[in-house]
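The values are calculated or read from the model by the stated rules, or taken from the named source; none is laboratory data. Note that the structure is predicted; figures quoted are calculated from it, not measured. Neighbour counts are summed over all protein chains in view; Cβ atoms, including those assigned to glycine, are modelled from backbone coordinates with ideal geometry.
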Amino acid sequence: MAERIILSIIESPTHPRLSAFYQSLGFREIQVPSMRKAMAVLKKTPPAFIVAEFFYGYGNNYAGVNVSNLDVLLSSLPKYSPDTKTIIFVQKEELQYVEKLHKLYPLHAAFLHNTPEYAIEEVLK
């Protein structure tokens, strides 16, 4: 059986720490601190899942071109890792913007930061 990998992109202290949980489900987690490093991993080791936080662009942080911090990464998935599924964590106040991203790129699941592990486990199966 192929190794099951989760690529966790941990850009902020609010990113849920789920390493032990992932391991209990049989995944190997690769943690990176930036989108740039995530792209390097994608090119060498395509993961089963990417887990990242969603930060809405608000028109100025990303020059008004991208919806969020995830656009560049998600646009590269078809080329480098077409079978990878994306799971995002989002702050409650930014939940309203997730649909904008989902219209552009497929998202496997979106969770609030305080989502219980059993709910996350369902989408990792």
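A few notes on this one:
- For segment 9-34, filtering for residues that are hydroxyl-bearing (S, T, Y) and either outside any loop (DSSP other than H, G, I, E, B) or farther than 23 Å from Y56 by Cβ (or both) leaves 3.
- One residue from F89, F111 being surrounded by 14 or more Cβ atoms within 10 Å (Cβ to Cβ), at pLDDT 95 or above, hydrophobic (A, V, I, L, M, F, W, C) and touching a helix residue (DSSP H, G or I) at 6+ places or on another chain (Cβ under 8 Å): F111
- Exactly one residue out of L77, L73 is surrounded by 19 or more Cβ atoms within 10 Å (Cβ to Cβ), out of contact with any strand residue (DSSP E or B) (no Cβ under 7 Å at 6 or more places or on another chain) and either aliphatic (A, V, I, L, M) or assigned to a strand (DSSP E or B) (or both), and it is L73.
- Any chance V51 is outside any loop (DSSP other than H, G, I, E, B) and either farther than 21 Å from V123 by Cβ or of a type in the set (K, R) (or both): no
- Selection of segment 18-55 for residues being surrounded by fewer than 14 Cβ atoms within 10 Å (Cβ to Cβ) and either within 27 Å of E99 (Cβ to Cβ) or under 13 Å from the mean Cα position of the chain (by Cα) (or both) yields P33, S34, R36.
- Qualifying residue in segment 115-123 (condition: touching a Ser or Thr at 6+ places or on another chain (Cβ under 7 Å) and closer than 17 Å to H15 by Cβ): no
- Among the residues making up segment 97-125, those that are among the small types (G, A, S) and not in a helix (DSSP H, G or I) are A109, A110.
- Within segment 92-108, tally of residues that are of a type in the set (F, W, Y) and either surrounded by fewer than 12 Cβ atoms within 10 Å (Cβ to Cβ) or closer than 12 Å to I50 by Cβ (or both): 1
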